[in-house]
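Below: one structure, written as structure tokens.
The numbers here are math on the coordinates, done by the rules we state, and not lab data. Since the structure is predicted, the reported quantities are computational estimates derived from the model, not experimental observations. Note: ideal-geometry Cβ built from the backbone for every residue, glycine included; neighbour counts use all protein chains shown.
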Amino acid sequence: AQTVTQSQPEMSVQEAETVTLSCTYDTSESNYYLFWYKQPPSRQMILVIRQEAYKQQNATENRFSVNFQKAAKSFSLKISDSQLGDTAMYFCAFMLLSGGGADGLTFGKGTHLIIQP
Amino acid sequence: KAGVTQTPRYLIKTRGQQVTLSCSPISGHRSVSWYQQTPGQGLQFLFEYFSETQRNKGNFPGRFSGRQFSNSRSEMNVSTLELGDSALYLCASSLGPLGGELFFGEGSRLTVL
């Protein structure tokens, strides 16, 4: 079974700062996707960024980027120029691809990110 | 384009009762998956349906079941409710079962008394 670990239950930074959220995972498989999801106080989960394991290039989406270290099984999220609207729970998630399809997401426990004005 | 719609948003049940939750995916999406979110266990995968067939199932007892209709709408049912079933139940839809982006609904908050 796969596991996802987020070691930072809560982080707080000032607006406009850069923050990095950590995530490690454990799997013996080689074909998988990794995700960061954001869950604002309204509760609707939103995809922030996705990384295919076979791609060496780190994914980026505007102010969001990842540092994907496959050998170390590490998948951190960097948020640049943080904004008040970035305040939310952030979940790292793993999806195994197998048998022509994909398994359900395995989530970490989450990091509560607070952006201070 | 309408998002994923879950009903009801809030409900209160007592132990021993059963509950049915509904999820309408984004138009054109054929895959629907369900997750349970609790403070203690976090987010856990329940099951996934694609083209009316259950493709995957998480580690939950048989009291948890689901189905998908021909229009891709899905329902999940929990029978013989226990206090520990109190949770936010999230539904997510995607175009297909191949690891694409999941779009989540706002969830159904179930409280079991």
Exercise for the section: Let me have the relative contact order for chain A, percent, based on Cα pairs under 8 Å that are six or more residues apart. Expected result: 37 percent
Problem - Part-to-part distance (alpha-carbon centres) for the stretch A:9-26 and the stretch A:57-117, which is given in Å - result: 10 Å
Practice task
May I have the pair-distance distribution P(r) for chain B, computed from all Cα-Cα distances with 10 Å bins from 0 and rounded to whole percent?
Solution key: 16, 51, 29, 5
Practice task
Please build a GNM for chain B, connecting alpha carbons under 10 Å apart, and tell me which residue among B:S22, B:S51, B:S94 fluctuates the most.
Solution key: B:S51
Problem - Cα-based Lys pair tally, the protein assembly as shown, threshold under 14 Å, eight or more apart or on separate chains - result: 4
Practice task
Rounding to the nearest 20 debye, state how big the charge dipole of the stretch B:1-99 is about its Cα centre with +1 on each Lys and Arg Cβ and -1 on each Asp and Glu Cβ.
Solution key: 120 debye
Exercise for the section: Calculate, in nm to one decimal, what A:S80 and A:E61 gain on full extension: separation in residues at 0.36 nm each, minus their alpha carbon distance. Expected result: 5.8 nm
Exercise for the section: Quantify how much of the Cα-Cα distance distribution of the stretch A:8-80 extends past 15 Å, in percent. Expected result: 58 percent
Exercise for the section: Express in nm, to one decimal, how much length is gained between A:S98 and A:K70 on full extension, taking 0.36 nm for each residue of separation and deducting their alpha carbon distance. Expected result: 8.2 nm
